[in-house]
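**Q** Submitted below is the structure of interest, expressed as structure tokens.
The values are calculated or read from the model by the stated rules, or taken from the named source; none is laboratory data. These figures come from a predicted structure and were not determined experimentally. Because the Cβ atoms are built from the backbone with ideal geometry, glycine has one as well, and the counts that use them run over all protein chains shown. Remember, those area values only see protein heavy atoms, side chains included, never the ligands or the DNA or RNA. Shrake-Rupley method; radii C 1.70, N 1.55, O 1.52, S 1.80 Å.
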Amino acid sequence: MRLRSAINSCWILALAVLLAALPAQRALAQNPDNMMPEERAAKGKQVLDQLITALGGPTYLDIRESNCEGRLAQFGHAGELTGYTPFKVYWRYPDKNRTDFSKKGVIVNVYNGDRGWTLDRGGVTELSNAAVADFQEQAKRDINNLLRVRLKEPGMTIRFGGTDVVDLRTVDWVEITDTEQRDFRLAVDRSTHFLVRSVVTLQDDTSHDRSVETHIYTNYQLMDGVQTPLQITLDRNGRRVNQVFFQSCKYNPGFSDDFFTKAALDKRFSEVGSKKYKDEKKKEKEAEKDN
């Protein structure tokens, strides 16, 4: 009896050791350092396919326009909340954007490829080359542009980046590098296949400093057949910059041909540039002359 008990104990111990080793073996198999380059590429594309399917599949990929409304929370250098701004943001992908700030839309920025204009109480003026270049760079980093448009660009490299725990979720990382050496890292929830984080690392050609921009996506809701994160947080180099709280989003609403043009802003100014605003601007100019 003692011998039989000892044998059974040995079998139980061996089984326990085997079962304990299985998760480690699975983790080892998912370690990108132990995968061939073609395996990493195939695994990375598989995770991206799961992400796009979870977001809406063909419905998500077919989006060419979006119209979202919400509030923008901005933070100071010390991380303090500086206030909320109502806004509406409109996209015609990949490079046309219009953002109306405040409920009345008295401040509006429009970007159309390599051109840009702004509307304020003084009227409509052209945005600087630096502002337009900054928008173009932001458009290249935009996650929707990346997933819908840029993944098809020649020279894009995609690879699996390993498994991790992010915000208490088990995620698969996908690493993407474009031809201009922007490094994207996407954390995809293993359960829902929703995007948890996107991290973009850039290098300044002048100073050789590296800048890390992180977007955090939460509160997904189904809108027009697409899973939409209603809260997006932006951190830059570890410092919180802003948070977006969307109330609603509509896709492919069908904007007019001139919606992203200076003519549209001129028309808007004729509506919001009331006598009150014009009188205030006139008083400001007269005060400047008196000083």
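Yes/no matrix, rows are residues, columns are (1) at pLDDT below 95; (2) closer than 25 Å to D62 by Cα; (3) open to solvent by 60 Å² or more (accessible area, probe 1.4 Å); (4) not polar (S, T, N, Q):
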site: S198; (1), (2), (3), (4): no, yes, no, no
site: S211; (1), (2), (3), (4): yes, no, no, no
site: D224; (1), (2), (3), (4): no, yes, yes, yes
site: Q231; (1), (2), (3), (4): no, yes, no, no
site: N242; (1), (2), (3), (4): yes, no, no, no
site: F245; (1), (2), (3), (4): no, yes, no, yes
site: S248; (1), (2), (3), (4): no, yes, no, no
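**Q** If you go through the range 97-118 one residue at a time, do you hit one that is open to solvent by 20 Å² or more (accessible area, probe 1.4 Å), modelled with pLDDT under 95 and assigned to a strand (DSSP E or B)?
**A** Yes: one or more hits.
Every residue, every condition in (1) surrounded by 11 or more Cβ atoms within 10 Å (Cβ to Cβ); (2) at pLDDT below 65; (3) assigned to a helix (DSSP H, G or I), yes or no:
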site: L3; (1), (2), (3): no, yes, yes
site: A6; (1), (2), (3): no, yes, yes
site: V17; (1), (2), (3): no, yes, yes
site: A27; (1), (2), (3): yes, yes, yes
site: A42; (1), (2), (3): yes, no, yes
site: L48; (1), (2), (3): yes, no, yes
site: A54; (1), (2), (3): yes, no, yes
site: A73; (1), (2), (3): yes, no, no
site: Y90; (1), (2), (3): yes, no, no
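**Q** Let me ask something else about it. Output yes when any residue across the range 210-223 is farther than 21 Å from L72 by Cβ and part of a loop (DSSP other than H, G, I, E, B), and no when none is.
**A** Scanning the range 210-223, I find no residue that is farther than 21 Å from L72 by Cβ and part of a loop (DSSP other than H, G, I, E, B), so the answer is no.
**Q** Now for a separate question. Which residues, taken from the range 121-135, are surrounded by 14 or more Cβ atoms within 10 Å (Cβ to Cβ) and either in a strand (DSSP E or B) or not small (G, A, S) (or both)?
**A** R121, G123, V124, L127, V132, D134, F135
**Q** For K140, which of the numbered conditions (1) in contact with a strand residue (DSSP E or B) (Cβ under 8 Å, 6 or more places away or on another chain); (2) touching a residue at least 24 places away in the same chain (Cβ under 8 Å); (3) assigned to a helix (DSSP H, G or I) fails to hold?
**A** (1)
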